[in-house]
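The block underneath contains the structure these notes are about, expressed in structure tokens.
The values are calculated or read from the model by the stated rules, or taken from the named source; none is laboratory data. In this text the structure is predicted, and so the values were computed from the model without any measurement. Neighbour counts run over all protein chains shown; Cβ positions are idealised from the backbone, glycine included.
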Amino acid sequence: MAQPDIVIGLDIGTTSTLAAAIRMPDQILAVASRPVTLNSPHAGWAEEDPAQWWGNAIAVLREVVAEVGGDRIAGLCATGMLPAVVLLDAAGTVLRPSIQQSDGRCGVEVDELARELDAAAFLRRTGNGINQQLVAAKLRWLAKHEPGVMSQVATVFGSYDYINFRLTGTRAVEQNWALEAGFTDLATGRIADDLVALGGIARSAVPPRSVSHEQMGRVSAEAAALTGLPEGLPVFGGAADHIVSALGAGITAAGDVLLKFGGAGDIVVATDRPLPDARLFLDYHLVPGLYAPNGCMAASGSALNWLGALITPDGANQRPHQVLDALAADVPAGSDGLICLPYFLGEKTPIHDPLARGTFVGLGLNHGRGHLWRALLEAVAFGFRHHIDVLREIGHVPRRYIVSDGGSRSQVWMQIVADVMGAPVTLLDNHHGSSVGAAFVAAMGTGLVTDWQAVTQLSRLGVTLTPNPSTTAIYDAGYAQYRDLYRRLAPYFHDRPQAG
């Protein structure tokens, strides 16, 4: 019988669960996906159901295993959004819906932490600033508003950590979840007791730290029966979706930049220096010796999904994004004076303002659906450019831009991005994103591959879009207005009564 030579990447994403089976060095053999529901029961909230993730994982794994054969699979690595917060009781039961990384409910608790801590010292120690990303802030919110839940918490970890637990029975937290959660001392690489204590939980509630390409467990008999995976299959530590997407896109050299257009909007740069800055997040790159400073816009694709559903008549078309793209293509750059702030879930980087809100300014009776759609496409592109400005300010020099994930399929949007950036952007031909990168991590873990640079064989680069100089000039002015609009509206966002 042939030796196992196939690896699986499993992506627990904000908008979908996706599995990819890969035979190294470059064959994508099978892909399966299922949709995920993002719930926002109150303004600024973002929650999902871990049971849906697990049900989806079972379905997509059964599908790809049936196609490639279980006896050929050598290992699996899961990835997902970060740092989602999943709470289990002692029996391993999920206590409440996950609190997503884009959730903005804990502004008061962030302010509390800021008053208690030396912000500069915290940034130096943890590599990340005091902001709504911190798990301690979310746990403090839960202690105030859901004390019954908090009294039962035995485990706190992330989305793909939970899936690893369901696959193996082992509780662990992947290194970048622990880092972005604010629980890791950057100098030692260890989870620190006093940092965990900021969340008001016992140290034992945060499981041991795992490294992405190191084995964290094996598929249990129960999980094997459900998924079709072979019992005992090695499962590796896992990886944050934006970091593994960067790896899968071939972001392996200092100055390489990934613009990731998923449910959230991620920007990741590879660098050999950490340079912590409170406006950004800091993660470990998967390539040893590199870091991955990055940012995340809370609502990118999810905002478009919302707007598309809102302005497309029921039953009019099953593909509203394509219809609205066609309308937007007929609207001139600048959307005839309509400008948008894309802060529909508050905003994470670089402004770290959970009270910011989505806004359209300049609406007139001359504007139609195409204007609204294009203004939002432009707004997300402006948000990415804001991150590039920050990276340049702190000493990182972007060398090339690669775009990935579902939004990169929109030719209209990606041309807007090139024009806003004033630089060429290169599309990936394969849009499997995080799952492909995760499969490569499993290949490294199993020893099927021994060189991190071999990932470039999986990242098939497609067309490069170059900026239109005349349009870029329009967007330079529009970007300045975008930045000024938030500065002017921020006091209003903070003074207005907040919905419960």
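Among the candidates Ala43, Ala90, Ala66, single out the residue that is among the aliphatic types (A, V, I, L, M), touching a residue at least 40 places away in the same chain (Cβ under 8 Å), out of contact with any Asp or Glu (no Cβ under 9 Å at 6 or more places or on another chain) and part of a helix (DSSP H, G or I).
On the way: Ala43 fails: part of a helix (DSSP H, G or I); Ala90 fails: part of a helix (DSSP H, G or I).
Going through Ala43, Ala90, Ala66 in turn, just one is among the aliphatic types (A, V, I, L, M), touching a residue at least 40 places away in the same chain (Cβ under 8 Å), out of contact with any Asp or Glu (no Cβ under 9 Å at 6 or more places or on another chain) and part of a helix (DSSP H, G or I): Ala66.
Residues are listed down the side, and each one gets a yes or a no for (1) in contact with a helix residue (DSSP H, G or I) (Cβ under 6 Å, 6 or more places away or on another chain); (2) under 30 Å from Leu355 (Cα atoms):
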residue	(1), (2)
Val425	yes, no
Leu428	no, no
Ala443	no, no
Thr464	no, no
Phe493	no, yes
Pro497	no, yes
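Name the residues in the range 24-40 that are free of Cβ contacts under 8 Å to residues at least 40 places away in the same chain and either crowded, with 17+ Cβ neighbours inside 10 Å or in a strand (DSSP E or B) (or both), would you?
Applying the first criterion (free of Cβ contacts under 8 Å to residues at least 40 places away in the same chain) to the range 24-40 yields 27, 29-30, 32-37.
Result: Gln27, Leu29, Ala30, Ala32, Ser33, Arg34, Pro35, Val36.
Among the numbered criteria (1) outside any strand (DSSP E or B); (2) more than 30 Å from Gly406 (Cα to Cα), which one does Gly217 miss?
(1)
Hey, Leu139 hits all of (1) part of a helix (DSSP H, G or I); (2) over 21 Å from the mean Cα position of the chain (by Cα) but one; which does it fall short on?
Going through the list (1) part of a helix (DSSP H, G or I); (2) over 21 Å from the mean Cα position of the chain (by Cα), Leu139 breaks only (2).
With the checklist (1) over 17 Å from Leu355 (Cα atoms); (2) aliphatic (A, V, I, L, M); (3) in contact with a Leu (Cβ under 8 Å, 6 or more places away or on another chain) in hand, flag the one item Leu134 doesn't pass.
Going through (1) over 17 Å from Leu355 (Cα atoms); (2) aliphatic (A, V, I, L, M); (3) in contact with a Leu (Cβ under 8 Å, 6 or more places away or on another chain) one by one, Leu134 breaks only (1).
Out of the residues in the range 309-340 that are under 27 Å from the mean Cα position of the chain (by Cα) and modelled with pLDDT of 95 or more, which is surrounded by the most Cβ atoms within 10 Å (Cβ to Cβ)?
Cys340
Write out, first by first residue and then by second, each pair whose Cβ atoms fall under 8 Å of each other, whose residues are 6+ apart or on separate chains, and whose first residue, in the range 241-264, is on the phi > 0 side of the Ramachandran plot while the second is of a type in the set (Asp, Glu) and part of a strand (DSSP E or B).
Sorted first by the residue in the range 241-264, then by its partner, the pairs are Gly250/Asp256.
List the residue pairs whose Cβ atoms are under 8 Å apart, where the first residue sits in the range 275-293 and is at positive phi, the second is among the acidic types (Asp, Glu), and the two are 6 or more positions apart or on different chains.
Gly289/Asp272
Just one of Gly200, Gly182 is surrounded by 23 or more Cβ atoms within 10 Å (Cβ to Cβ) and over 20 Å from Gly437 (Cα atoms); which is it?
Working: Gly200 fails: surrounded by 23 or more Cβ atoms within 10 Å (Cβ to Cβ).
Step by step, each of Gly200, Gly182 is checked, and only Gly182 is surrounded by 23 or more Cβ atoms within 10 Å (Cβ to Cβ) and over 20 Å from Gly437 (Cα atoms).
Residues in the range 49-98 that are more than 30 Å from Arg23 (Cα to Cα), touching a helix residue (DSSP H, G or I) at 6+ places or on another chain (Cβ under 7 Å) and charged (D, E, K, R): how many?
Result for the range 49-98: 1.
Could you tell me which residue of the range 70-115 is farthest from Gly55 (Cα to Cα), considering only residues that are of a type in the set (Asp, Glu) and touching a Leu at 6+ places or on another chain (Cβ under 8 Å)? Give the steps one after another, and end with the answer.
Let us first name the residues in the range 70-115 that are of a type in the set (Asp, Glu), namely 71, 89, 103, 109, 111-112.
Next, only the ones that are touching a Leu at 6+ places or on another chain (Cβ under 8 Å) stay: 89, 103.
On the way: Asp89: 20, Asp103: 23 Å.
Among those that are of a type in the set (Asp, Glu) and touching a Leu at 6+ places or on another chain (Cβ under 8 Å), it is Asp103.
If you scan the range 234-246, which residues turn out to be buried (at least 24 other Cβ atoms within 10 Å of the Cβ) and either outside any helix (DSSP H, G or I) or not hydroxyl-bearing (Ser, Thr, Tyr) (or both)?
Our first condition is that a residue be buried (at least 24 other Cβ atoms within 10 Å of the Cβ); within the range 234-246, this holds for 235-246.
Selection gives Val235, Phe236, Gly237, Gly238, Ala239, Ala240, Asp241, His242, Ile243, Val244, Ala246.
How about the range 56-73: which of its residues are under 28 Å from the mean Cα position of the chain (by Cα) and not hydrophobic (A, V, I, L, M, F, W, C)? Step through it out loud before you land on a result.
First, the residues of the range 56-73 that are under 28 Å from the mean Cα position of the chain (by Cα): 56-65, 73.
Correct list: Asn56, Arg62, Glu63.
Kindly evaluate Arg72 against the criterion of being in contact (Cβ under 8 Å) with a residue 24 or more places away in the chain and within 28 Å of Val211 (Cα to Cα). Outline the logic, then answer.
Values: in contact (Cβ under 8 Å) with a residue 24 or more places away in the chain: yes; within 28 Å of Val211 (Cα to Cα): yes.
Against the criterion (in contact (Cβ under 8 Å) with a residue 24 or more places away in the chain and within 28 Å of Val211 (Cα to Cα)), Arg72 qualifies.
Kindly indicate whether any position in the range 155-178 is crowded, with 21+ Cβ neighbours inside 10 Å, among the aromatic types (Phe, Trp, Tyr) and more than 20 Å from Tyr284 (Cβ to Cβ).
Yes: one or more hits.
When only residues in the range 145-161 that are part of a helix (DSSP H, G or I) and either in contact with a strand residue (DSSP E or B) (Cβ under 6 Å, 6 or more places away or on another chain) or free of Cβ contacts under 8 Å to residues at least 12 places away in the same chain (or both) count, which is nearest to Val86 (Cα to Cα)?
We begin by selecting, within the range 145-161, every residue part of a helix (DSSP H, G or I); these are 145, 147-150, 159-161.
After this cut, where a residue has to be either in contact with a strand residue (DSSP E or B) (Cβ under 6 Å, 6 or more places away or on another chain) or free of Cβ contacts under 8 Å to residues at least 12 places away in the same chain (or both) as well, the list is 145, 147-148, 159-161.
On the way: His145: 16, Pro147: 16, Gly148: 15, Ser159: 7, Tyr160: 10, Asp161: 9 Å.
Among them, the one singled out is Ser159.
Whether any residue in the range 465-477 is within 19 Å of Pro25 (Cβ to Cβ), at pLDDT 95 or above and in a helix (DSSP H, G or I) is what I want to check.
The answer is no; no qualifying residue exists.
Can Asp419 be described as under 30 Å from Leu29 (Cβ atoms), buried (at least 19 other Cβ atoms within 10 Å of the Cβ) and acidic (Asp, Glu)? Break it down into steps so the answer makes sense when it comes.
On the way: under 30 Å from Leu29 (Cβ atoms): no; buried (at least 19 other Cβ atoms within 10 Å of the Cβ): yes; acidic (Asp, Glu): yes.
No: the conditions fail for Asp419.
In the range 445-461, how many residues are hydrophobic (A, V, I, L, M, F, W, C), surrounded by fewer than 24 Cβ atoms within 10 Å (Cβ to Cβ) and either free of Cβ contacts under 8 Å to residues at least 24 places away in the same chain or not in a loop (DSSP other than H, G, I, E, B) (or both)? If you could, list the steps in order and put the result at the bottom.
Here is the first cut: in the range 445-461, the residues hydrophobic (A, V, I, L, M, F, W, C) are 448-449, 452, 454-455, 458, 461.
Keeping just the survivors that are surrounded by fewer than 24 Cβ atoms within 10 Å (Cβ to Cβ) gives 448-449, 452, 454, 461.
Retained after the next criterion (residues that are either free of Cβ contacts under 8 Å to residues at least 24 places away in the same chain or not in a loop (DSSP other than H, G, I, E, B) (or both)): 452, 454, 461.
Number of matching residues: 3.
Given the structure, is Arg105 modelled with pLDDT under 95, surrounded by fewer than 23 Cβ atoms within 10 Å (Cβ to Cβ) and farther than 22 Å from Gly169 by Cα?
On the way: modelled with pLDDT under 95: yes; surrounded by fewer than 23 Cβ atoms within 10 Å (Cβ to Cβ): yes; farther than 22 Å from Gly169 by Cα: yes.
Here the answer is yes, as Arg105 does meet what is asked.
Among the residues of the range 108-120, write down those that are surrounded by fewer than 20 Cβ atoms within 10 Å (Cβ to Cβ), of a type in the set (Asp, Glu), at pLDDT 95 or above and assigned to a helix (DSSP H, G or I).
Glu112, Glu116
Just checking, which of Tyr291, Tyr343 is aromatic (Phe, Trp, Tyr), surrounded by fewer than 24 Cβ atoms within 10 Å (Cβ to Cβ) and closer than 29 Å to Leu123 by Cβ?
On the way: Tyr343 fails: surrounded by fewer than 24 Cβ atoms within 10 Å (Cβ to Cβ).
Going through Tyr291, Tyr343 in turn, the sole match is Tyr291.
How many residues are in a helix (DSSP H, G or I) and touching a strand residue (DSSP E or B) at 6+ places or on another chain (Cβ under 7 Å) when one looks only at the range 379-402? Full working, then the answer.
If we filter the range 379-402 for residues that are in a helix (DSSP H, G or I), which is where we start, we get 379-394.
Okay, now just the ones that are also touching a strand residue (DSSP E or B) at 6+ places or on another chain (Cβ under 7 Å), so 379-380, 383-384, 387, 391.
Matching residues across the range 379-402 total 6.
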